[in-house]
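The values are calculated or read from the model by the stated rules, or taken from the named source; none is laboratory data. Computed from a predicted model, the values in this text were never measured in an experiment. Every residue, glycine as well, gets a Cβ built from its backbone with ideal geometry; the counts of neighbours run over all protein chains shown.
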Amino acid sequence: MAEESVPEGRSLKELSEEELWELINDNRHRISLGVRPCILLPYLRQVKVLTEVDEDEILSCHNLTNRCMRTSYMLDLLRTQGRNGAIALLEGLMIHYPVLYTHVTGRKPSTEPSRFSGLIKYSELTEYLIRAVTGMQTELQEARNEAGKMSTRCSSLESEVSQLMEQEEKCSHLQTENERLQRHLSSLQREVTKLKDEKCDLYIRYTASIEEKSAINGRLHDLNLQVSFCLKISLRFLDELSTEKGSASPYLFMILSCLVSLTCQAHKDILQQDLAEAIDSQVELAEHLKSYREENEKLLRDKQGVCVCLSSAIITNEEKHANSA
């Protein structure tokens, strides 16, 4: 551990060059990961352990592709400066990375002048510390401002997330309603198809009824012809009998008269019955047609209403998505 690397009662200024660099190398990986060269370079140049050329090489070399490599290369350059390089590095850590300084040395950081090695004059050290503290305060203030902005942004994002969740819930309700309307529309379409099939069957029955009526009319016409022929013969026979009353039996004349009367009445009854049946059949078919027509119109109105509801729901959903976007 770092605390075990520094004997108690000895300050860092009392350690030899090898002891200092052994302390640094034991924590080289941690330093490479935690230190930004651009933070330490101003102090290292102030104490004259690195030059401007060294700084440009550390920050601008294309072979150093990441911060860890630049920090490691800076440590290599400081190693060439011997003990001063190690002291300057540890003092830079004490100023800018106090937590890391404690991990490396096992000691608490301090900005008292007596804790520094004297690589630079007291006035220059004081001036640098003032600039460093001012810079840290500025960075702290900027960090606080950024934290405030981030907090405001987080609140705004939370509000947006809440609104999006509400819109998602509304969209879910709209989707459910849309599915329900789609099912209802499918049901109406099936009903319309069924009604069309029934209407087709009804037209077939109506056509068959018309054909049957035509056949009945033809049969009635033939029957009328036959009855008319029979009536003519019967009337002629009655006329002949009436002219020959003396030779004809009164009973025969009466029978023929009754037969003619019954034939006329039967003919009349048959015609009335057939006519009544035809009228009833037509009335029933007309009522069925009217009922199916009304049901068809109602289903069409329902279908149009469902389509309007679907269109309205889709437009509302698209507008909400557009507003949320």
* Restrict the check to the range 64-72 and report whether at least one residue is over 18 Å from Asn84 (Cβ atoms), at pLDDT below 90 and crowded, with 17+ Cβ neighbours inside 10 Å. => yes
* To do: Among the residues of the range 68-106, count how many are under 20 Å from Val47 (Cα atoms) and touching a residue at least 40 places away in the same chain (Cβ under 8 Å).
  => 17
* **Flag for Ile87 being assigned by TED's automatic domain parsing to the domain that holds Glu18, touching a His at 6+ places or on another chain (Cβ under 8 Å) and in a helix (DSSP H, G or I)** => no
* Structure fact -> If we keep only residues of the range 41-61 that are touching a residue at least 40 places away in the same chain (Cβ under 8 Å) and not in a helix (DSSP H, G or I), then the residue nearest to Thr80 (Cα to Cα) is Val49
* Asked: In this structure, does Val227 turn out to be at pLDDT 70 or above, assigned to a helix (DSSP H, G or I) and either closer than 19 Å to Glu284 by Cβ or assigned by TED's automatic domain parsing to the domain that holds Ala286 (or both)?
  -> no
* To do: Within the range 103-116, identify whether any single residue is at pLDDT 85 or above and out of contact with any Lys or Arg (no Cβ under 9 Å at 6 or more places or on another chain), and answer yes or no.
  => yes
* Asked: Give me the pairs: first residue in the range 295-314 and under 15 Å from His173 (Cα atoms), second residue at pLDDT 75 or above and assigned to a helix (DSSP H, G or I), beta-carbon distance under 6 Å, and six or more apart or on different chains, which are they?
  -> Cys309/Leu181; Leu310/Leu181; Ala313/Leu174; Ala313/Asn178
